[in-house]
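Participant: First, the structure itself, so that you have it in front of you.
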Amino acid sequence: MLRSGHDHSQWPAGDQLGAGNYLTPEKRLEALALVQQGHLFDLSHIIEYGAPRFEPAQTPYLLLGAPNWQGGIRRRRQAGATNDAGANLERIEMTTHVGTHIDALGHFTIGSEMYGGLDAHEVSTDFGLLRLGIEHAPSIVTRGLMVDVSGFDGGAFLEAGRSIGPDDIEKCLTARKLQIRQGDIVLINTGWGRFFMTDNARYLSGEPGINLAAAQWLTGQGVTAIGTDTMAVELLPGENHPEVQMPVHQHCLVEAGVYLIENLLLTPLVDAMIAEFCFILLPVKFKGATGSPSRPIAMV
């Protein structure tokens, strides 16, 4: 059961980092020590027009090329230049939750309660968040663990609405002789990511994902973030749909201060059979934003 008044006493009063406080210098050094071969895996999708999005809340990615090189040359000629230096620029319109991205702690509420007991009436404005925006998220350099549950039902991927519980996650970790340590990032591969930009209608129709019990188990282990190859991390439709919707977001972001990373490209890492790695993600500091497009990498 989700509840308000969650105990945030493990972090300083008014702190906006949440579980990002676990990312100590020692934790970063531990992660960097895992890099032995210098191999890098890009875990992000290309952000492009047509990327899957939930309507009407999420608007499409749109790039407008203006001004362009011709206009630049013309203006510089008018100013006396003779070397015809052209430059291309663009304007981009998008929600920060399209493509591979990380959710800020201010992305979700339970009623009007936000992480740290803050009141959304006082935090959320027409021009962004006054607190808990993505600019406060940490630069993430930590140990990452891959949990590949894609084949658990005998196929190449789990079906939409398939619940992933704590036992499923523990089974994967035990098979690879791994244990979660405080500050880790846990990435969960469901196989659903194969439909990103190949069958967007199916990708958006629902998804396999962790249930609330799994989310609570993971946050109880002290993870900094949870990431998946799906739009929302949690299973859709949920176990108690429609009475309870998006409980994992509420628990992780509001109650536990744990970040969520969505629309990850995990196939290269899974194909290489890599389960432990150095994970790096640097959110863009969009002031007051509820999320940030990101280009996370895994290094081994």
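The values are calculated or read from the model by the stated rules, or taken from the named source; none is laboratory data. In this text the structure is predicted, and so the values were computed from the model without any measurement. All Cβ positions, glycine included, derive from the backbone under ideal geometry; neighbour counts span all protein chains shown.
Participant: Give the stretch 248-300 a look and list any residue that's among the aromatic types (Phe, Trp, Tyr) and within 17 Å of the chain's Cα centre (by Cα), or say none.
Facilitator: Restricting attention to the stretch 248-300, the residues satisfying the condition of being among the aromatic types (Phe, Trp, Tyr) are 259, 277, 279, 286.
259, 279, 286, listed by residue number.
Participant: Tally time: how many residues in the stretch 269-284 are assigned to a loop (DSSP other than H, G, I, E, B) and free of Cβ contacts under 8 Å to residues at least 60 places away in the same chain?
Facilitator: Residues that pass the stated criteria total 1.
Participant: For the subset of the stretch 48-103 comprising residues that are among the hydrophobic types (A, V, I, L, M, F, W, C) and touching a Phe, Trp or Tyr at 6+ places or on another chain (Cβ under 8 Å), which member is nearest to residue 255 (Cα to Cα)?
Facilitator: Going through the qualifying residues, I end up with 102.
Participant: Is one or more of the residues making up the stretch 47-64 under 16 Å from the mean Cα position of the chain (by Cα) and assigned to a helix (DSSP H, G or I)?
Facilitator: The answer is no, given that none of the residues of the stretch 47-64 is under 16 Å from the mean Cα position of the chain (by Cα) and assigned to a helix (DSSP H, G or I).
Participant: If you go through the stretch 74-106 one residue at a time, how many are assigned to a loop (DSSP other than H, G, I, E, B) and surrounded by 13 or more Cβ atoms within 10 Å (Cβ to Cβ)?
Facilitator: The initial filter retains those residues of the stretch 74-106 that are assigned to a loop (DSSP other than H, G, I, E, B), namely 79-90, 94-100, 104.
Then drop every residue that is not surrounded by 13 or more Cβ atoms within 10 Å (Cβ to Cβ), which leaves 86, 94-100, 104.
Final tally of qualifying residues: 9.
Participant: Can you confirm whether residue 188 is assigned to a helix (DSSP H, G or I) and within 20 Å of the chain's Cα centre (by Cα)?
Facilitator: no
Participant: I would also like to ask the following. Give just the number: which of (1) touching a residue at least 40 places away in the same chain (Cβ under 8 Å); (2) surrounded by fewer than 16 Cβ atoms within 10 Å (Cβ to Cβ) does residue 174 not satisfy?
Facilitator: (1)
Participant: While we're here: Given the structure, is residue 223 touching a strand residue (DSSP E or B) at 6+ places or on another chain (Cβ under 7 Å) and either free of Cβ contacts under 8 Å to residues at least 24 places away in the same chain or assigned to a helix (DSSP H, G or I) (or both)?
Facilitator: So residue 223 does not fit the description; no.
Participant: May I pose another question? Is it true that some residue in the stretch 148-157 is assigned to a loop (DSSP other than H, G, I, E, B), touching a residue at least 40 places away in the same chain (Cβ under 8 Å) and of a type in the set (D, E, K, R)?
Facilitator: no
Participant: Then there's this: Does any residue of the stretch 204-212 turn out to be surrounded by fewer than 24 Cβ atoms within 10 Å (Cβ to Cβ), in contact (Cβ under 8 Å) with a residue 12 or more places away in the chain and touching a helix residue (DSSP H, G or I) at 6+ places or on another chain (Cβ under 6 Å)?
Facilitator: yes
Participant: In the list 100, 24, 96, which residue meets the criterion of being of a type in the set (S, T, N, Q), touching a Leu at 6+ places or on another chain (Cβ under 7 Å) and modelled with pLDDT of 95 or more?
Facilitator: Details: 24 fails: touching a Leu at 6+ places or on another chain (Cβ under 7 Å); 96 fails: touching a Leu at 6+ places or on another chain (Cβ under 7 Å).
Going through 100, 24, 96 in turn, the sole match is 100.
Participant: Going residue by residue through the stretch 36-44, is there one that turns out to be assigned to a loop (DSSP other than H, G, I, E, B) and surrounded by 16 or more Cβ atoms within 10 Å (Cβ to Cβ)?
Facilitator: Yes: one or more hits.
Participant: Additional query: Which of the residues belonging to the stretch 226-247 are more than 14 Å from the chain's Cα centre (by Cα), surrounded by 19 or more Cβ atoms within 10 Å (Cβ to Cβ) and touching a residue at least 40 places away in the same chain (Cβ under 8 Å)?
Facilitator: 235, 236, 247
Participant: Let me ask something additional. So which residues in the stretch 107-117 are within 18 Å of the chain's Cα centre (by Cα) and part of a loop (DSSP other than H, G, I, E, B), if there are any at all?
Facilitator: In the first step, residues of the stretch 107-117 are kept if they are within 18 Å of the chain's Cα centre (by Cα); the result is 107-109, 115.
Of everything in the stretch 107-117, those that are within 18 Å of the chain's Cα centre (by Cα) and part of a loop (DSSP other than H, G, I, E, B) turn out to be 108, 109.
Participant: Right, another one. Looking only at the stretch 50-73, count every residue that is without any contact (Cβ under 8 Å) to a residue 24 or more places away in the chain and surrounded by 13 or more Cβ atoms within 10 Å (Cβ to Cβ) and tell me the total.
Facilitator: Number of matching residues: 6.
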